[in-house]
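K.L.:
Handing you a structure now.
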Amino acid sequence: MQTMADAGAVRQFVRFAQAVGLPLQSILDPDLGAIVAAAAQSERIPAHGIVDLLQVCSAVSGRSDLGIAFAAWGNMRGYGPLSLLWDHCPTFSEAIRVNQQYLHLESGALATRSEEFGDEVYLSSILLVEARFGGAQFLEATAALSMIVGRLILGQTWSPVKMEFQHPAPKSLRQHHDLFRCPIEFGAERNALVVSKADLTRETGAGNAHMLAYLERHLASSSAQWPEDLVHQVERIVSTNLSSGDAALEQVAAALNMNLRTLQRRLSAQGQSYNRLVERVRKRIVQDYTNSNAHPNLSELAFRLGYSETSAASRFLSAKMGIRLRG
């Protein structure tokens, strides 16, 4: 089953491209052109579409800030059903909660994870689809959108503690600093918006809890219409927990509130297995990393793949992908 997403983001990007003078017809290949055409007629399209659109247009236009420029330009309510909830959330933590619960309705291309480190919370984004050209622009756009949601709730003067991106820094960071207004780290362990724990629960009088509850009921019915399939759920859990070592079969089954044998049986019924899905996730991580890094490092990649030893990562790269890297 192909991973899908709401078509709203692609429709917005087409309008953005027109506004900034990007000639999409001469930029896009037939596959991406077909996704753009489908977005004009359909509510659901392949999830990799917006990821590849941002990366290709960034490369062709020479704009390393294209992802964040698109996020800053976009209509906050135009991305899909989930975007209708954001400005009704009384706290940033409520926005994060609904994002994590209903993100599959917005896009199957992304997974999120919250991790606490002292007084700070890392809101990480993980790419869940194979990106032909890399996912750096999509991940930057996602981070920018999350920060804009934070400012919607906490006020326009608010800024994160810092931003972290796994990909290398672009040549110019002027637009990044103008938008994020906080320290930015590239080549980091994760793609994350870092906020103070106090900001997550701080109430500013914004939002409407009654309207949020009403819209959540609507999303719950939409979720029944577009349920997240088991294979995608497993891949999402593996992707978000692989580097931390918390993606063993038993841990995935527990996260799904499912008996281990039941999970194995249901995957088998779909012609899948846990090991095959882990391999697919790892291949996707390798593809995105090598697309985004001119000088890939084996030690760093081993961490992202969930290997404690670089030798194990090296064997995987050689046997499964025909790639040889030095530490």
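No lab work stands behind these numbers, since they all come straight from the coordinates. Everything numeric here is computed off the predicted structure, so don't read it as measured data. Glycine gets a Cβ as well: all are built from the backbone with ideal geometry, and neighbour counts include every protein chain shown.
K.L.:
Roughly how big is the chain's charge dipole about its Cα centre, with Cβ charges of +1 (Lys, Arg) and -1 (Asp, Glu), in debye to the nearest 20?
P.N.:
Dipole about the Cα centre, nearest 20: 640 debye.
K.L.:
For segment 65-209, what size does the Cα cloud have along each of its three principal axes, sorted from largest down, in whole Å?
P.N.:
Computed over segment 65-209, the largest-to-smallest principal extents equal 41, 30, 28 Å.
K.L.:
Order of 55-66, 229-240 by packing, highest average Cβ count within 10 Å first?
P.N.:
Going from most to least packed, we get 229-240, 55-66.
K.L.:
With a Förster radius of 25 Å, plug the Cβ-Cβ distance of Gln25 and Arg77 into 1/(1 + (r/R0)^6) and report the FRET value to the nearest 0.05.
P.N.:
0.35
K.L.:
Could you state the per residue volume, in Å³, of the convex hull enclosing the Cα atoms of segment 1-101?
P.N.:
Enclosed volume per residue, from the Cα hull, is 110 Å³.
K.L.:
Would you please put 296-309, 195-208 in order of how densely packed they are, using the mean number of other Cβ atoms within 10 angstrom per residue and starting with the highest?
P.N.:
296-309, 195-208
K.L.:
Next question, about the same structure. How compact is the chain by the rule of thumb for globular proteins, expressed as Cα Rg over 2.2 N^0.38 Å?
P.N.:
Here the answer is 0.98, to two decimals.
K.L.:
Further question on the same structure: Ser107's amide H: which non-local residues (gap 5+, or another chain) put their own amide H closer than 5 Å, with H modeled 1.01 Å from N in plane and none for Pro or chain starts?
P.N.:
Hits under the 5 Å cutoff: Asp6.
K.L.:
Just how far, in whole angstrom, is segment 22-88 from segment 266-327 if you go by their alpha carbon centroids?
P.N.:
So the two Cα centres are separated by 28 Å.
K.L.:
Also: What is the Cα radius of gyration of segment 230-321 over 2.2 N^0.38 Å, N being its residue count?
P.N.:
Its radius of gyration relative to the 2.2 N^0.38 Å reference: 1.12.
K.L.:
For Lys320, give me every one of the lysines with a C-alpha distance below 22 angstrom, ignoring sequence neighbours fewer than eight places off in its own chain.
P.N.:
Straight-distance partners of Lys320: Lys283.
K.L.:
Next up: I need the peptides 39-50, 13-24 ranked by packing, meaning the mean over residues of other C-beta atoms within 10 angstrom, with the highest value on top.
P.N.:
So the order, starting with the most tightly packed, is 39-50, 13-24.
K.L.:
Return a whole-number percent for the relative contact order of the chain, with Cα pairs under 8 Å and 6 or more residues apart as the contact set.
P.N.:
Averaging sequence separation for qualifying contacts and normalising by length gives 17 percent for the chain.
K.L.:
Based on DSSP H assignment, which helices of the chain show an axial Cα extent of at least 15 Å together with a mean Kyte-Doolittle hydropathy greater than or equal to -0.5?
P.N.:
The qualifying helices are 8-20, 48-61, 92-106, 136-154, 209-225, 230-241, 310-321.
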